[in-house]
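Beneath this line is the structure, given in structure tokens, with notes to follow.
The values are calculated or read from the model by the stated rules, or taken from the named source; none is laboratory data. Predicted model, so just to flag it, every value in this text is computed and none were measured. Using ideal geometry, Cβ is built from the backbone for each residue, glycine included, and neighbour counts are taken over all protein chains shown. We work out accessible area using only protein heavy atoms, side chains counted, and drop any ligands, DNA or RNA first. Shrake-Rupley method; radii C 1.70, N 1.55, O 1.52, S 1.80 Å.
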Amino acid sequence: MSIRPVLEQRQAIPTREGAGVDLHRAFGFQDPTELDPFLLFDDFRNDDPARYTAGFPWHPHRGIETITYVLAGEVAHGDSLGNQGSLGAGDVQWMTAGSGILHQEMPRGNAQGQMHGFQLWANLPAAQKMTAPRYQDVQSAHIPEIIDDDGTRVRVIVGEFWGRHGPVDGIAADPQYLDISVPAGVKKTFPVDTYRRSFAYVFEGAGAFADASKPTGVLLEKEVAGQEIHIRDFSGDRTLIRFGSGDSVTVQAGEKGVRFLLISGAPIQEPVAWHGPIMMNTKEELRQAMRELREGSFIK
């Protein structure tokens with residue numbers, strides 16, 4: 001067994017998207033080879049409806065797949081093909097944009113005004129970029145959850161893990177997407193396919209990844225008494241961990257436990273031409289998509 005080393009650990013960056021949704025971006029619109037086949041990962045979490053209810057009005061997608069996972073509140077969605085529905089707490093949606101789709105996503109808070117979810121963009125290989133758009137919505141009750149003897153909980157959203165299969169399938173990147181909770185003080189190792197790119201995203205508690213004995217926190221620059229100092233933030237919240245090669249990931253949970261997403265996928269290793277929500281292989285394909293948007297022939 002070879003434990004994957006931590007290549008990088010960084011905080012998600014506050015970002016505003018859509019018609020005025022405040023979210024945190026762990027990665028995206030930078031180096032598309034860094035976490036190939038994944039392109040972007042957003043954490044949209046807020047307790048103030050004024051900072052998310054404007055939502056994501058009608059916008060196009062081509063050449064990618066999106067995986068949306070909701071933890072609190074709801075996301076109402078509709079598209080140019082006439083599909084519509086709503087994702088509630090614990091639900092997941094996989095959308096293959098393929099040759100092109102126009103859609104909107106409008107978040108709504110729960111009774112306390114809370115909204116929390118994640119969206120992951122996965123690339124499509126050249127041979128599938130112009131495939132027909134399609135959806136798969138999965139309710140929370142259909143997502144298997146495994147509870148280990150030490151109290152570790154794993155929701156298997158996509159892929160196979162510990163003998164259970166997630167309900168979302170057919171994604172070109174063939175990812176493994178796990179929602180993992182490790183109790184306080186527990187050290188746990190999880191298998192990850194050697195040939196996949198892998199990252200973790202911590203959103204509750206704190207934990208130290210790789211073969212470490214205790215959480216070290218994230219080194220942050222903060223202003224204290226008018227002076228900038230470097231301190232360790234032990235919250236772990238909204239932290240991206242990017243792993244090197246190996247066949248397993250080890251985490252040591254902090255004093256309040258840790259909850260994180262563990263995501264991996266097989267690299268596509270193709271050229272990338274990227275503009276906003278449209279991802280193609282060449283600049284000419286990208287220009288063609290933009291022309292079709294202007295001319296009204298984008299939807300096939």
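Some points to look at:
- Each label was represented as a point 7 Å from its Cα along the Cα-to-Cβ direction; for residue 31 and residue 269 these points are 1.7 nm apart.
- Using only side-chain charges placed at the Cβ, +1 for Lys and Arg and -1 for Asp and Glu, the dipole size of the range 69-175 relative to its Cα centre rounds to 340 debye.
- Residue-by-residue Karplus 3J(HN,Hα) for the range 40-47, coefficients 6.51, -1.76, 1.60, Hz, glycine and proline x: 7, 9, 10, 10, 9, 9, 6, 9
- Under 5 Å from the amide H of residue 134 lie the amide H atoms of 96, each residue being 5 or more positions distant or on a separate chain, with H modelled from the backbone and absent for Pro and chain starts.
- Highest mobility in the GNM of the chain, judged by mean-square fluctuation with C-alpha springs under 10 Å and restricted to 284, 105, 270, is found for 284.
- The HN-Hα couplings worked out from phi for the range 114-120 by the Karplus form 6.51 cos²θ - 1.76 cosθ + 1.60 (θ = phi - 60°) are 7, 9, 8, x, 10, 10, 10 Hz, whole numbers, x standing for Gly and Pro.
- Prolate/oblate/rounded call for the range 47-204, Cα gyration tensor, a/c under 1.5 rounded: oblate
- Nearest 10 degrees, 0 to 90: helix 283-295 Cα axis against the chain principal axis: 60 degrees
- Within the chain, antiparallel bridges make up roughly 95 percent of the DSSP beta bridges whose residues both belong there.
- Probing with 1.4 Å while keeping every protein chain in the model, the per residue accessible area of the range 15-104 equals 33 Å².
- Gyration tensor (alpha-carbon) shape descriptor, the range 1-129, a/c threshold 1.5: oblate
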